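Bear in mind that the values in this text are calculations on the coordinates, not laboratory data. Just so you know, these numbers come straight off a predicted model, no measurement behind them. FYI the Cβ positions are ideal-geometry reconstructions off the backbone, even for glycines, and counts take in every protein chain you see.
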Amino acid sequence: MIKKIVLGLIVAMLVLQFVGPSRPTVRSENPGDIMRTTETSLEISGLVRAACYDCHSMETKYPWYGYVAPASWYLFEHIEHGREELNFSMWQELDKRKKLKALKDIQEVMEDNEMPLDAYVDMHPEADLTDDQKEMIITWARELAKGVLKNQ
Amino acid sequence: MKKPFFTLVIVFALFFSAQDLFAQKAGPEKTKVVLADSTQLLSYPMDVMGIITNKCLGCHSPDARNEKSRDAMQWIQLQRMEAADLVAMLDEVSEVLEEGSMPPEKMLEKYPQLALTDEEVSLLKTWVESTLTEVLGE
C-alpha cells in the first residue's frame, strides 16, 4: 500500500514537471537596461543586480528549485509580477514620469525595508543589504531622479 | 428705527453674495504654491481644491485618523516636495484616478457621499496632467 502511494506521488511529481505556467524568459543582452543607459557606479550596479535583478530584470538567474514544480510555479509568478512592477532591463522604454515614479518607489521600498523580500534574502544571502548599502541605493535613486528630470 | 438697520443688512448681504456669484463666473481662481526646489508653481484651481478638500483630505491629511492613508499620501506635502518626487506622486494619483480605486470601497460603503463623480474625476485628471506637463517642462 505505501509503495503504491509513493509511486503515485512520484508519478504526480513527474507529471507536474510538464504542466503549469511557462518559465519567464531570460535575456542576457539588454541594451535599454538602466545600468547601461545611466551613469551608475559599479558598486551600485553590483548591489542592485544582487538584490533586485532576479525578479526585476530579464537577467533572472534561476536557482535549482526554479526547475522543480510546483516550487518553480511560485517563483515564476513572483518574477512575472516583479517584472510588471519594474523591469530594469526595459528602463529605456519608460517615459520620464514612469522613470521618476520607479525611482521614488525604489527609495520607498528601501526606506521601509520592504525589498528585497525576506523569503528571497533567506535563499540569497548576497541580497541581504546592510543599512549603509540601502542608503547608497536610496541616494543613487534620488540623484538619478534629478538627472531624469533634467533630461540627462 | 429698526427698519433702516435691517435694510442696510440686507443690502450688504446682497452685495457680498453677488460678489461671490461674479467670482464664480469669472472662472477658476488659482492658489499658487512655490515648489521647494524650483521656480515652478503648483496651482490648485478652486474647483480642484474643493474636490480634494471634500473627498480626499479626510484620510490624506496630517491629522487623519487612518495611519495607512496618512502615510501613503498627504496632499499638503505636495507643495513641499522636490519636483522629481512631485512627478512620482502625481503619477500615482493619475493611476488611482484611472483605476477608480479611491476613495476605497470600504469607505464608500460607510460614506457614499464621498464617491467621486465622473465630472470630478475628469477635473482631477485634467489638473494632474497639466501639472505634470508643467513640472516636466514638456
A:GLN17/A:MET90 FRET efficiency (R0 35 Å; Cβ-Cβ; nearest 0.05): 0.70
List residues of region A:45-69, by number, whose backbone nitrogen lies under 20 Å from a label position 7 Å along Cα→C-beta of A:MET123. A:48-69
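Holding the Cα-Cα limit at 24 Å, pick out from A:LYS101/B:LYS110; B:LYS68/B:LYS110; A:LYS98/A:LYS134; A:LYS104/B:LYS68; A:LYS61/A:LYS146 the pairs that are longer than that.
Working: A:LYS101/B:LYS110 32 Å; B:LYS68/B:LYS110 18 Å; A:LYS98/A:LYS134 22 Å; A:LYS104/B:LYS68 18 Å; A:LYS61/A:LYS146 31 Å.
Beyond 24 Å between Cα atoms: A:LYS101/B:LYS110; A:LYS61/A:LYS146.
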Rounded, prolate or oblate: pick one for region A:1-122, where a ≥ b ≥ c are the square roots of the eigenvalues of its C-alpha gyration tensor, a/c under 1.5 means rounded, and failing that, prolate if a/b is larger than b/c, else oblate. prolate
Return the sequence-ordered ³J(HN,Hα) values of region A:127-138 in whole Hz as given by the Karplus equation 6.51 cos²θ - 1.76 cosθ + 1.60 applied to θ = phi - 60°, using x for Gly and Pro. 8, 7, 7, 7, 4, 5, 5, 5, 4, 5, 5, 4
